[in-house]
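Everything below concerns the one structure shown next.
Each reported figure results from applying straightforward, stated rules to the coordinates on display, with no laboratory input. Keep in mind that what you see is a predicted model, and the values were worked out from it rather than measured. Backbone-built Cβ (ideal geometry, glycine too); neighbour counts: all protein chains shown.
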Amino acid sequence: MLNSILIVEDQRDLAELAALHLADIATQVQICGDGQQALKRAQASPPDLVILDLGLPGLDGLEVCRRLRASPRYVPILMLTARGSDSDRVLGLELGADDYLVKPFNVMELVARAKAIVRRMEALAPGRAPADAAPIRAGGLVVDPTSRTAAVDGRPLSLTAKEFDLLLHFARHPGRVYTRAQLLDAVWGGAHDGYAHTVNSHINRLRSKLEADASNPKYLLTVWGVGYRFTDSP
């Protein structure tokens, strides 16, 4: 059970419907239809989860996401986006959103995605560190699950939350081949139509930060016709 969820959505009827169902997993669900006000609330009393519409009037959702990620306390963010706004979705993920949902959506899927994000965050909480929380080393790459940091050849990598989750998942399973659907299920909490592009874009961005030559990767390898794998002999 979460302490609080903040819904930032200017469509009041949609926000109230979402709040009604999210009340099953949170003690308090607040609604805010304005980006500036949402930032003030989140900074004054950080919620356990933010449901953030990108199409807000005034201060838009992308800027709200950017400012939340600049705050010292990490707050999970689930974006709500309109159909056809691929560039906004990609930018939102790059800014650090944990997941997204395209409107119109089934409110039960919203609840399921919120639960999946919270489960992942709880698993990574310092007081509940898993047995395999020791740093993972592969050649010049070091991935630290506890501090959620990664470096290659001593160079720190600037990764979004989801890029780190993806890299950590690969590093924990060297040599294993994953399809896009399997990666979606393991890292995003479920495979959904239209999400294959999300995996591809994250792999490409991760390679650009991780590999010395992204066109000739040595860590994240493509298995043609199947998916991807993390090298077992870096």
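Structure notes:
- Per-residue ³J(HN,Hα) for the stretch 108-117, Karplus 6.51 cos²θ - 1.76 cosθ + 1.60, θ = phi - 60°, Hz, x for Gly and Pro: 5, 5, 4, 5, 4, 5, 4, 4, 5, 4
- Calculated FRET efficiency for the pair HIS169/GLN43, C-beta based, R₀ 35 Å, to 0.05: 0.65
- Where trypsin sites (Lys or Arg not before Pro) fall in DSSP loop in the stretch 1-94, at most 14 other Cβ within 10 Å: ARG73, ARG83
- Calculated mean residue ellipticity, 222 nm, the chain: -11500 deg cm²/dmol, from DSSP H runs (n ≥ 4) at -39500 (n - 2.57) each, averaged per residue and rounded to 500.
- The distance linking the stretch 11-37 with the stretch 43-67 is 13 Å (Cα centroid to Cα centroid, whole angstrom).
- Checking [x] 141; [y] 154; [z] 126 against volume of the Cα convex hull per residue in Å³ calculated from these atoms, the matching label is [z].
- Sequence-distant residues sharing a close amide H with ALA82 (under 5 Å, placed H): LYS103
- Straight-distance candidates among the aspartates and glutamates for linking to LYS209, with alpha-carbon spacing under 16 Å and chain neighbours fewer than 8 residues away dropped: GLU94, ASP153, GLU163, ASP165.
- Efficiency of FRET between LEU59 and ASN200 - r from beta-carbon atoms, R0 45 angstrom, step 0.05: 0.90
- Computed from the Cβ-Cβ distance with R0 of 30 Å, the FRET efficiency linking ILE25 to THR222 stands at 0.20.
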